[in-house]
1. Scan segment 16-33 for residues that are touching a residue at least 40 places away in the same chain (Cβ under 8 Å) and of a type in the set (K, R) and jot them down.
2. Does segment 6-23 contain any residue that is among the polar types (S, T, N, Q), assigned to a loop (DSSP other than H, G, I, E, B), at pLDDT 85 or above and more than 17 Å from S95 (Cα to Cα)?
3. Within segment 59-73, can you find the residues that are at positive phi and either without any contact (Cβ under 8 Å) to a residue 60 or more places away in the chain or among the hydrophobic types (A, V, I, L, M, F, W, C) (or both)?
4. Go through segment 75-90 and report how many residues are over 11 Å from the mean Cα position of the chain (by Cα), outside any strand (DSSP E or B) and within 20 Å of G26 (Cβ to Cβ).
5. What are the residues in segment 56-73 that are among the charged types (D, E, K, R) and either under 8 Å from the mean Cα position of the chain (by Cα) or surrounded by 11 or more Cβ atoms within 10 Å (Cβ to Cβ) (or both), if any?
6. Could you tell me which of the residues M64, M102 is modelled with pLDDT under 90, out of contact with any Pro (no Cβ under 7 Å at 6 or more places or on another chain) and of a type outside the set (S, T, Y)?
Amino acid sequence: MKTDIENAMNETKGKFFVVKFTKKDGSDRVMVGRVGVKGYSTESGERKEVTGKGMRWTPASREMRVVWDLQKKEYRLVNLRTAYYFKCGPVVLDSSKTTGVMP
């Protein structure tokens, strides 16, 4: 399921999606986000750009994906190993059901 959700995220072309996964502490997380965000505006109107500084490891090496979280308005990591649900438009992948089919 990990590669299906990862591939679906790559194919969103900047559209928002919903992903559900289990966090490190064991709690479930529902995130509305998108990939490919290179910069954003703060509430004060200040423009922030991605610099690439701050992360000293590669998320892919730990089976994680950087996502822009719409609710928190910050970058967050999605654990692809524990992701069990993905929805973007008509595409729904759900490992908790046997009917998760990607058109």
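The values are calculated or read from the model by the stated rules, or taken from the named source; none is laboratory data. The model shown is predicted, which means the values in this text are computed figures rather than measured ones. Neighbour counts are summed over all protein chains in view; Cβ atoms, including those assigned to glycine, are modelled from backbone coordinates with ideal geometry.
1. K20, K23, K24
2. Yes, some residue in segment 6-23 is among the polar types (S, T, N, Q), assigned to a loop (DSSP other than H, G, I, E, B), at pLDDT 85 or above and more than 17 Å from S95 (Cα to Cα).
3. Taking segment 59-73 as the starting set, the residues that turn out to be at positive phi are 63, 73.
Within segment 59-73, K73 is the sole residue that qualifies.
4. Matching residues across segment 75-90 total 2.
5. R62, E63, R65, D69, K72, K73
6. After applying the criteria, what remains is M102.
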